[in-house]
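Read the structure below first, then the notes.
No lab work stands behind these numbers, since they all come straight from the coordinates. These numbers were taken from a predicted model, which means no experiment stands behind them. Backbone-built Cβ (ideal geometry, glycine too); neighbour counts: all protein chains shown.
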Protein chains: 2
Amino acid sequence: MKAKEKEVPLEDKQEQAANWFYSLQALICEAFEKLEDDLSGGPKASLPAGRFEKTPWEREKSEEPNASGSLLQGGGTMAVMRGRVFEKVGVNVSRVHGKFSKDYAKQMPGAEESDGHFWASGLSLVAHLQSPLVPAVHMNTRMIMTSKSWFGGGADLTPMFESAEDTQDFHAAFKDCCDSFDPAYYPEFKEWCDRYFFLPHRNEPRGIGGIFYDYLDRKNWDEDFAFTKAVGRTFLDIYPKLVARSMNRDWTDEEREYQLVKRGRYVEFNLLYDRGTQFGLKTGGNTEAILMSMPPEAKWP
Amino acid sequence: MKAKEKEVPLEDKQEQAANWFYSLQALICEAFEKLEDDLSGGPKASLPAGRFEKTPWEREKSEEPNASGSLLQGGGTMAVMRGRVFEKVGVNVSRVHGKFSKDYAKQMPGAEESDGHFWASGLSLVAHLQSPLVPAVHMNTRMIMTSKSWFGGGADLTPMFESAEDTQDFHAAFKDCCDSFDPAYYPEFKEWCDRYFFLPHRNEPRGIGGIFYDYLDRKNWDEDFAFTKAVGRTFLDIYPKLVARSMNRDWTDEEREYQLVKRGRYVEFNLLYDRGTQFGLKTGGNTEAILMSMPPEAKWP
């Protein structure tokens, strides 16, 4: 496998991965805007169709570590839409590099050996829908390099009112995706997802799960990258179908109220447990981009 | 001082402290219900005056540690009101004892020497107001015993739109309170409060501060207890005055909207940084009582 590894130089890997995340962002934004156009029923149908606003951001080229002791350079593009189907959806891509603080380097594979140096690129998406009958969703894929290099990510669905059909189709799509690479993937990544998206203080899962994977490095970069692309494409294929299935239905005030309470749980998970959020905020990341995942409105009645 | 210490037996201290927290809860509930009765203007004046609902809770007498590895026994009383002045206010008293997990015992003064055994009682209050022109407030006082014994607590104000008069009166009240015990208290406790109630990821304070103190043990239990009582009485005196000052005013939709966004910051602080919340949730405390501090509604637009 070593010989194969050499076929893709480091810079090419970074270029290919980051390019993919940027193209996936464009594809998802296009698909979500089409859903905005297609809305034909329900209480929000008279509103104008939403459009993504894209905001590129770049870190100052500082050579000084930030307050957290890490040095972070690079940038990204936040794409956010406040629409009539998607009450608030953020699709963020970033490509950053720098040097972890000593403390943080201890937690990241291969980072002590790289003297803290790292490179990372990824896409992160959270969608909060107007309709309580359409599930909220999270999807994230990323490539990280220290002295090691790996992929991670996944997608999970948070229905307010579970639909057996949605649950089955969402799981089936990711099972197919995983199985086409390795039959061992799906059981492992599904279980990892259930374990990760769980609120111990409520003793309840965040949603119905999906897949979650990390530290994926089978010493075959092309295939690991292909898997990560397949996860993105699977999301792009299945989630808009679930949205289209229910977005034109009417909903009641009680259903909306329940959605706002359920969103409170989402906030609790993200701020109390989510590693990405905690990592981002505590290492001096872009707060606006990180907290794009917060719901537009939530209740703790 | 040792001689003086012996004058108050352990059980009496616990009894006196817990009794005080319960009486303070009754006094505060009474004062807040009076404000509900007194409302005479503003957009909510036609609603019925709110009343506190009190819910006693008690832990099962389990001898088994919970999921966090701690053993927690005892109980408390949650008092919550959803009214026309107070959109949601929780005034919780608890009196618990048990055994910290080994990990947690390392973080608590004197807990390794007590083999993890502890006793704690306290009152914790968070008020979210209907009016964006009335500041939200937090107040908490507590007594904790391991092999050591100490008091902690404080009060801090979170106006949505700062009023110089409110800020001045709130600070002056706690300065007077502190100064009557020790002129060194106020500067130290005010600075501690500013340091503690700060959101590093936003680089902004939670509100205008107040006082914060912890590990107070001057080897004169009577006086330390008297100070903690004085903090409670000061709160009981000053905060209702600030509420009465502005509660009858009208407000705009824009002011309400700003309040909901500011409340989002409150959520961020409580879930990301608040030691009490993190402690409670991660040691298997009463989730409902701990998350009583969450605002009834919040926005991240």
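Data for the structure
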quantity	calculated
Charge dipole (the protein assembly as shown, unit charges on Cβ, about Cα centre) - positive-most of A:Asn140, B:Gly74, B:Val91	B:Gly74
Computed magnitude of the charge dipole of chain B (debye, nearest 20; Cβ of K, R +1, Cβ of D, E -1)	360
Chain A, closest residue to the rotation axis toward B, by beta-carbon, whole angstrom	A:Leu271, 2
Sparse-neighbour loop sites [trypsin sites (Lys or Arg not before Pro); region A:229-301; at most 14 other C-beta within 10 Å; DSSP]	A:Arg249
Inter-copy label distances at A:Ala244 (7 Å, Cα→Cβ; nm, one decimal)	6.3
Ranked packing of A:27-36, A:116-125, most packed first, by mean Cβ within 10 Å	A:116-125, A:27-36
Extension gain, A:Asp237 back to A:Glu288 (0.36 nm per residue minus Cα-Cα distance, nm)	15.6 nm
Cut-off 11 Å, label 7 Å out along Cα→Cβ of B:Asp103, residues of region B:241-285 by amide N	B:282-283
For B:Arg51, residues with placed amide H under 5 Å, excluding near neighbours	B:Arg82
Phi to ³J(HN,Hα) by Karplus 6.51 cos²θ - 1.76 cosθ + 1.60 over region B:219-229, Hz, x for Gly, Pro	6, 9, 4, 4, 6, 4, 5, 4, 5, 4, 5
Sequence-separation-based contact order of region A:10-293, relative, with Cα cut under 8 Å and 6+ spacing, percent	18
7 Å along Cα→Cβ, label-point gaps from A:Lys219 to other copies, nm, shortest first	6.5
Exercise: per-residue mean of other protein chain Cβ atoms within 10 Å, A:291-300	6
Contour excess over end-to-end distance, with Cα ends at B:Ala172 and B:Glu223 and 0.36 nm allotted per residue	16.2 nm
Shortest-first distances to equivalent copies, position A:Lys61, nm, label 7 Å out along Cβ	7.2
For chain B, built as a Gaussian network whose Cα springs stay under 10 Å, the top-fluctuating residue of B:Asp182, B:Asp274, B:Asp115	B:Asp182
Lys/Arg +1, Asp/Glu -1 at C-beta; region A:10-293 dipole; positive extreme among A:Ala111, A:Gln259, A:Ala31	A:Gln259
Length gained when the stretch A:Glu257-A:Lys148 is fully extended (0.36 nm per residue, less Cα-Cα span)	34.6 nm
Charge dipole of region A:96-226 about the Cα centre (unit charges at C-beta), most positive-ward option of A:Gln168, A:Gly154, A:Ser180	A:Gly154
Distance between modelled label sites at A:Ala244 and B:Asp179, nm, 7 Å Cα→Cβ extension	7.2
Shape of region A:10-293, Cα gyration tensor, a/c cut at 1.5	prolate
Per-residue [θ]222 nm for chain B (sum of -39500 (n - 2.57) over DSSP H runs n ≥ 4, rounded to 500)	-13500 deg cm²/dmol
FRET E, pair B:Asn203, A:Glu204, Förster distance 41 Å, beta-carbon r, rounded to 0.05	0.75
Check: the protein assembly as shown dipole with +1 on Lys, Arg Cβ and -1 on Asp, Glu Cβ, in debye	160
